[in-house]
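As structure tokens, the structure follows; a few thoughts come after it.
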Amino acid sequence: MILIVGAGAVGTILTAYWRAAGREPLRIYVRDKDLEPMQRAPAIRVESTNATVATLNVAKPSLSPSLALHDVDYLVLCVKFPQLEPLLDAIGPIPAHCTVVSTLNGVSALRTIRKHHPQARVVPVSVMFNGQLLAPLHAQITTRAEVVIGSDDPRLLASFGDSGMTVKRATGESAAWGKLLINLANAICALTHTTFRDLLTHPDLRAVYVGVLDEATTLLARADIPYKLPMPIPYAVYRGLLAGRTRLPWWFAKLKNGLRDGAYPSMVADVEAGRRTEIDQLNGEIVHRGREQDVATPVNARIVDLVHAIEGQQPPAYLTPAELRRQLKL
């Protein structure tokens, strides 16, 4: 049994692909206030803006207000970081037969889970697709469907079957760190209200991204933390492409991940809506680890401050790419 907690964009999309695979029984945890809208949804629907990704329309699994884990083999956490600790407190002890699967961005979520449940088996799953929730149990996927699972658990690796979800395996947290590096771009787009295409084609945004990544990779090297970028080239090559004038980074993102021109990170939508962002779990994690390792991270630290400054603003005071680059002294 797979219990999915968090039926936002990520939870809805994963549930749809697991349902399409038909290999595992599924259940979605639903809070009382969300139960009626989900009950009204006729099915789980995932629309695709990518011609290579089929639209899914599959039957709903059971909906439950219970977090009981007696029959649960995989507890899949698809919540935002601010919801994580209250959820872990509500869950109670994790049975020995149950694996906790974290889809949260960054690595601080893994640390939080292990602090609350030190005996639990925890598996990081890096979500490589970009999705948006359109309505209860109705999402849109704007890239190819892919996850990277940090485990050799054969049942979990095979759980998506031939549903169309690409599954890759990584060692431990290396993929989670690699995804965190890529997600450091989210704040750049959020501060400038720009898309992935803008990030990978605008010279000022690319310069900022290189500065952010240089700090982070220097830190990981000093701390001897392995990372696996979600691309078949080493960081030095990727950096050279970003620092040059070629449009290859954008074309690579389009071909490899199926990104479309208007796609943007979720942090852009969070800032637009005045919601709390995941900046502390992304760029903030680099700053935190930098203090531990005595590695200076002034670019990431300034980005964290700038994002916090516009959280909750309506409308947000966006920066132009040139203004952001000047503020970061890059």
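Considering only Pro86, Pro316, Pro95, the mean-square fluctuation computed in a Gaussian network model of the chain, springs between alpha carbons under 10 angstrom, is largest for Pro86.
Overall, the accessible surface of segment 1-139 at a probe of 1.4 angstrom is composed of carbon and sulfur to the extent of 52 percent.
The charge dipole of the chain, taken about its Cα centre with unit charges on the Cβ atoms of Lys, Arg (+1), Asp and Glu (-1) only, comes to about 660 debye.
Per residue, segment 111-176 exposes 43 Å² of accessible surface when a 1.4 Å probe is rolled over the protein heavy atoms with every protein chain present. Apply 1/(1 + (r/R0)^6) to the Cβ-Cβ distance of Arg114 and Arg247, taking R0 = 30 Å, and write down the FRET efficiency to the nearest 0.05. Efficiency at R0 = 30 Å is approximately 0.10. Against the chain, whose longest principal axis is taken from its Cα atoms, helix 81-91 shows a tilt of about 30°.
Taking amide hydrogens as placed 1.01 Å from N in the peptide plane, the amide H of Arg275 sits under 5 Å from those of Gly312, each at least 5 positions away in sequence or on another chain.
The protection proxy used here, the mean number of other Cβ atoms lying within 10 Å of each residue, ranks peptides 212-218, 88-94 as follows, highest first: 212-218, 88-94. When the chain is described by a simple charge dipole with +1 on each Lys and Arg Cβ and -1 on each Asp and Glu Cβ, the residue from Ile44, Ala20, Leu69 located farthest towards its positive end is Ala20. Pairs over the 29 Å Cα-Cα cut-off, from the set Lys33/Lys60; Lys115/Lys179; Lys60/Lys228; Lys168/Lys329; Lys33/Lys80: Lys60/Lys228; Lys168/Lys329. Computed from backbone phi with θ = phi - 60° and the Karplus coefficients 6.51, -1.76 and 1.60, the 3J(HN,Hα) list for segment 171-181 is 8, x, 9, 4, 5, 5, 5, x, 5, 4, 4 Hz; x is used for glycine and proline.
For segment 162-287, the fraction of 1.4 Å probe accessible surface lying on carbon and sulfur atoms is 53 percent. With respect to the chain, whose longest principal axis is taken over its alpha-carbon atoms, helix 298-310 is tilted by about 60°. Our coupling estimate for segment 16-26, obtained by passing each phi through the Karplus curve with A = 6.51, B = -1.76, C = 1.60 and θ = phi - 60°, is 4, 6, 5, 5, 5, 5, x, 8, 10, x, 10 Hz, Gly and Pro reported as x.
Taking amide hydrogens as placed 1.01 Å from N in the peptide plane, the amide H of Val123 sits under 5 Å from those of Val100, Val101, Ser102, each at least 5 positions away in sequence or on another chain. If I take every Cα pair under 8 Å that is 6 or more residues apart in the chain, average their sequence separation and divide by the length, what percent do I get for the relative contact order? Normalised by residue count, the contact order of the chain is 17 percent. Packing here is the average count of other Cβ atoms within 10 Å per residue, and on that basis the peptides 304-313, 197-206, highest first, run 197-206, 304-313.
The values are calculated or read from the model by the stated rules, or taken from the named source; none is laboratory data. Just so it is clear, the structure is predicted and the values come from calculations on it, not from any experiment. So basically every Cβ, Gly included, is an ideal-geometry build from the backbone, and we count neighbours across all protein chains shown. Surface accessibility is based on the protein's heavy atoms, side chains included, excluding ligands, DNA and RNA. Shrake-Rupley method; radii C 1.70, N 1.55, O 1.52, S 1.80 Å.
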